[in-house]
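Colleague: Mind looking over this structure? Questions follow.
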Amino acid sequence: MVYHSSFVNEDVESRACGCPLLPLKSHIKGPAPVSDQDTTDIVDEAITFFRANVFFRNFDIKSPADKLLIYLTFYINIALKRLEGCRTLAEGTKAIINLGLEKVPVPGESGFPFPGLFPLPQSHDEAELFRNYLKQIREETSGRLLSVAYRPNGTPNKWWLAFAKRKFMNIIIP
């Protein structure tokens, strides 16, 4: 059974492309509201549920937050694929930084992995808001992923990097 987001009934003031802009425990500048450090946010959920959810080909969406969980699961899969050949934390950090510098596509643009999952942006401002939110959430996910994909001594954690070989929802990672 697929793990769903616990942010089902979140009353969020702002949305973009049908996705709630959920709060993050983040120091990274962006459009996401700041959450308390002692609470669980969507990035924590995505990392916690990744190893279970990556095995599923279908994902029943029960809330708009599930769409974000799907996107983050796919992004973690891409990040692990990039970390697969990195033997040290320094190499992994460099690979993740390079991944973060790539252009973040939004619904309706080529390269967006889930056409139809999110509605198309109604305006250029909404597209930029969603792009900036995805960029912020990707950067936050990357930083937290490094702490689980590598042990404190800087060596790779094979129990995480082994999941780089998995295809999430049968999507082939370039």
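Colleague: Out of Lys94, Lys62, Lys67, which single residue is under 24 Å from Gly30 (Cα atoms), among the basic types (Lys, Arg) and modelled with pLDDT under 90?
Modeller: Of the residues listed, the single one that is under 24 Å from Gly30 (Cα atoms), among the basic types (Lys, Arg) and modelled with pLDDT under 90 is Lys67.
Colleague: Take the residues in the range 29-56 that are open to solvent by 40 Å² or more (accessible area, probe 1.4 Å) and among the β-branched types (Val, Ile, Thr); name whichever of them is nearest to Pro119 (Cα to Cα).
Modeller: Step by step, filter the range 29-56, then rank; the result is Val34.
Colleague: State whether one or more residues within the range 17-31 are at pLDDT below 90, of a type in the set (S, T, N, Q) and under 27 Å from Ala162 (Cβ atoms).
Modeller: no
Colleague: Pairs needed: first member in the range 6-27, surrounded by 13 or more Cβ atoms within 10 Å (Cβ to Cβ) and acidic (Asp, Glu); second member anywhere, in a strand (DSSP E or B) and modelled with pLDDT of 80 or more; C-beta distance under 9 Å; at least 6 residues apart or different chains.
Modeller: That search, which allows pairs on different chains as well, returns Glu10/Pro20.
The values are calculated or read from the model by the stated rules, or taken from the named source; none is laboratory data. Since we're looking at a predicted model, the values are computed, not measured. Glycine also receives a Cβ, built like all others from the backbone with ideal geometry; neighbour counts cover every protein chain displayed. Calculation scope for accessible area: heavy atoms of the full protein, side chains included, ligands and nucleic acids excluded. Shrake-Rupley method; radii C 1.70, N 1.55, O 1.52, S 1.80 Å.
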